[in-house]
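Everything on this sheet refers to the single structure shown next.
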Amino acid sequence: MSAPQPPTFTASQPAKKPRPNPRFKAPRDGLGPYISHPTSFPPTAVITHNENFVYIRDMYPKSIIHTLLLPRDQSKTKLHPFDAFSNLEFLRKTMYEAKKLKALVAEELKRLFGEQEGRDWEQEVKVGVHAAPSMNHLHVHVLSRDCVSERLKTVKHYNSFNTPFFIELDEFPLAEDDERRNPTRGALLKQELQCWRCGKSFKNQIKQLKEHLDEEFEEWKKTPKVSAAKEGKAKSVTTDEGGTATE
């Protein structure tokens, strides 16, 4: 196994699409090569990697900075997040790595938009998974919350990160009776669009929402405005690596 590579983060340079690999023909298996052969990709695609995880830039970013954390554990990589993160030891390891990637994203936001005294850029970074992932390999989204990107084109794109369809990593493991285990996928992804920052409704008008998000983006860069913390969160326990897992 090669030694871990130092992080390389250039937000203005999008990841290049890798050449087709005959071992991963199905589009849903597109993350496989990053997990198996991270050194075959340029720094614009793979940020860093170690024996257990790979940090990559999302090829189709839905925010100004959008990264993915890819676990390399072969016993977990093809599991649904609900199943993989029911294992507390694995969850703790993933949360520890996600915390490091979140810090990298926050540092890049600070580099792009300034330190801004008193502002915690980590509060502007979301970490979580989709209730029904679009890719076969287990992955965790770590992205800035702005939702400003040319790749964000549809109602489903937006709602997949701004409704209960997106489950934050620190909410795992989910209770057996958690309704998100059986999401009404169509309903969540097709519900009316609502600005994540001010709450304004745009029905199903994605073009108007994107124009509004561009305006919000200019204010967000200068002024934090984070939603109130969720109530009734499950009790958390501190991990040995510094993360938390819920009980």
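Taken together, the values in this text are just the output of simple stated rules run on the coordinates, not laboratory data. From a predicted model like this one, the values you see are computed outputs, not experimental measurements. All Cβ positions, glycine included, derive from the backbone under ideal geometry; neighbour counts span all protein chains shown.
With the highest mean first, a sort of the peptides 121-131, 166-176 on other beta-carbon atoms found within 10 angstrom per residue produces 121-131, 166-176. A simple charge model with +1 on the Cβ of Lys and Arg, -1 on the Cβ of Asp and Glu and nothing else charged puts the dipole of segment 27-246 at about 580 debye relative to its Cα centre.
I need the shape label for segment 27-246. Rule: rounded when a/c is under 1.5, else prolate if a/b > b/c, else oblate, with a, b, c from the alpha carbon gyration tensor. It comes out rounded by the Cα gyration axes. List, in the order given, every pair from LYS99/LYS222; LYS93/LYS221; LYS110/LYS203; LYS76/LYS110 whose Cα-Cα distance in the structure shown is over 28 Å. Among LYS99/LYS222; LYS93/LYS221; LYS110/LYS203; LYS76/LYS110, the Cα-Cα distance tops 28 Å for LYS93/LYS221; LYS110/LYS203; LYS76/LYS110. Note that segment 39-47 has calculated 3J(HN,Hα) couplings of 6, 7, 10, x, x, 6, 10, 9, 6 Hz, one per residue in order, obtained from phi through the Karplus relation 6.51 cos²θ - 1.76 cosθ + 1.60 (θ = phi - 60°); glycine and proline are x. Between ALA132 and SER75, what FRET efficiency comes out of the Förster formula 1/(1 + (r/R0)^6) with R0 = 22 Å and r the beta carbon distance, rounded to 0.05? Taking R0 as 22 Å, the efficiency between SER75 and ALA132 is 0.50.
Here the spin labels are modelled as points 7 Å beyond Cα on the Cα-Cβ line, and at GLU179 and LYS222 they lie 4.0 nm apart.
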